[in-house]
């Protein structure tokens, strides 16, 4: 039997679910694996908060850094979630004191992971982070272990459950973004503080930074991301997309183009028969394209206490079974500095919504610009939704593949026309 003495810093949904799971399944784990998970100490901001377990069963630490220094612990689990601050201090101290670390902190790994991985490597320790990406979906172990020798061409998917829930609810119930955001907060999917990271696309981009490093050996550099959130998505665009045979999803994708890194998180139209279009509510999904596998599709619960605790347990088991740790799936000196690929050079098909006056000649004037710039139009829909002649009407255009820079030039010219009354909405169309 192997025993892991564990300290847990952070007793939110994940930390509490982890303790409850260990308490309820300790004998099952021991009988199946010969590993005893022994929670020795715990720490959180507030000691007197009501919890679903008895804190008196464990040593309480007002300062979680003391667990990182204490020789009694083998593994420190960091679930506080600060981008740096005390979260970084806990992990750094634990590694310097020769303790393994498990964390679910994607922002910290994305922004400061390299120096911590170097430290873990120096002491031959585990710095495990399966819980940092896609909750209970084992995407990190899949990349590091199952397909480690297969060259990955692209990774894409839905990496944030809150935004996916909002976009799903908007479509299903025909509600505005603000109405659904309020519901999401009431249901506990997000908070005022978290929603900025979720809705702005930053949470998904943190996760994509980690995935692109695992896939392409790119240095952990959050600045390599192009990020666009969902706050500008209107119910009109969701309904128009539906008429065209698409759903709007916040898609994160990474690949190497011309030896440069392309990391994009943005709302995109996903064709209804694409598996990603069927991933609704708070679920996550990742599609991996490799030399040998056209589509390796992983879907599941991407957030929440129990799913994320499942990933923490997986990391703990790995630590119990190994003595050497390649925390990235390759040696850290293999990391490469990639230049960021320009968003204007991306070639994609696009959806445009143009709000224009309802008068003769408008449509022909607009399409002339596309023709002048040699941009191939796939579909045009003119969809007046009211009888008020004084209100602008939507003109929906989808294009064939075109360089973003060329399309941006056309949009600038069309927006300067006096009969165009609003900023043009532009969304890329996701195409595998």
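Values in this text are rule-based calculations from the coordinates and carry no lab data. Keep in mind it's a predicted model, so treat the numbers as computed, not measured. Cβ coordinates were reconstructed from backbone atoms using ideal geometry, including for glycine residues, and neighbour counts include every protein chain displayed.
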Query raised in the report: Taking only C-alpha pairs under 8 Å that are 6+ residues apart, what is the relative contact order of the range 230-297 in percent?
Result: 22 percent
Query - Extension gain, residue 257 back to residue 192 (0.36 nm per residue minus Cα-Cα distance, nm) - result: 19.7 nm
Query raised in the report: Between the helical axis of 85-96 and the dominant principal axis of the chain, each derived from Cα atoms, what acute angle in degrees is found, rounded to the nearest 10?
Result: 50 degrees
Requested in this report: Mind ranking 97-104, 42-49, 206-213, 321-328 by how tightly packed they are, going by the mean number of other C-beta atoms within 10 angstrom, highest first?
Outcome: 206-213, 97-104, 42-49, 321-328
**Report entry** Cα centroid separation - the range 15-63 against the range 153-210, whole Å
**Finding:** 30 Å
Report task. Determine the distance separating the Cα centre of the range 392-425 from the Cα centre of the range 215-282; give it in Å without decimals. Result -> 20 Å
Query raised in the report: In whole percent, what relative contact order does the range 344-430 give with Cα contacts below 8 Å and a gap of six or more residues?
Result: 49 percent
Report summary line: In the list (1) 27, 59, 14, 0; (2) 25, 50, 21, 4, 0; (3) 29, 60, 11, 0, the entry giving P(r) over Cα pairs in 20 Å bins from 0, in percent computed from the coordinates is (2)
Query - 0 to 90° range, to nearest 10: angle between helix 106-122 axis and the chain longest Cα axis - result: 40 degrees
Query - 366, 256 arranged by Cβ crowding within 10 Å, fewest neighbours leading - result: 256, 366
Query raised in the report: Mind checking the angle between helix 404-415 and the chain's longest principal axis? C-alpha axes, 0 to 90 degrees, to the nearest 10.
Result: 50 degrees
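Set the Förster radius R0 to 41 Å, insert the Cβ-Cβ distance between residue 271 and residue 82 as r into 1/(1 + (r/R0)^6), and round the FRET efficiency to 0.05. Walk me through the numbers on the way to the answer.
Working: r = 39 Å, r/R0 = 0.95.
Efficiency, rounded to the nearest 0.05: 0.55.
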Report task. With both partners inside the chain, how many of the DSSP beta bridges are antiparallel, as a percent to the nearest 5? Result -> 65 percent
Query raised in the report: So if we plug the beta-carbon distance of residue 48 and residue 23 into 1/(1 + (r/R0)^6) with R0 = 30 Å, what FRET efficiency do we get, rounded to 0.05?
Result: 0.90
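Suppose the chain between residue 235 and residue 115 were pulled fully straight at 0.36 nm per residue; how much longer would it get relative to their current alpha carbon spacing? Could you put the intermediate results ahead of the total?
Details: separation 120, 0.36 × 120 = 43.20 nm, distance 4.34 nm.
That pair, residue 235 and residue 115, stretches by 38.9 nm at full extension.
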Report summary line: Plugging the Cβ-Cβ distance of residue 405 and residue 339 into 1/(1 + (r/R0)^6) at R0 = 22 Å yields, to the nearest 0.05, a FRET efficiency of 0.80
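Within 10 Å of each residue's Cβ, count the other Cβ atoms and sort 341, 129 from fewest upward. List each step's numbers first, then the result.
Numbers: 341 20, 129 26.
Least to most surrounded, the residues fall as 341, 129.
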Query raised in the report: Mind ordering 294-302, 55-63 by average Cβ neighbours within 10 Å, highest first?
Result: 294-302, 55-63
Query raised in the report: Mean residue ellipticity at 222 nm from the helices of the chain, using -39,500 (n - 2.57) per DSSP H segment of n ≥ 4 over the full residue count, to the nearest 500 deg cm²/dmol?
Result: -11000 deg cm²/dmol
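Output the relative contact order of the chain, whole-number percent, from Cα pairs under 8 angstrom with separation of 6+ residues.
Values: 873 pairs, mean separation 67.8, N = 432.
It rounds to 16 percent for the chain.
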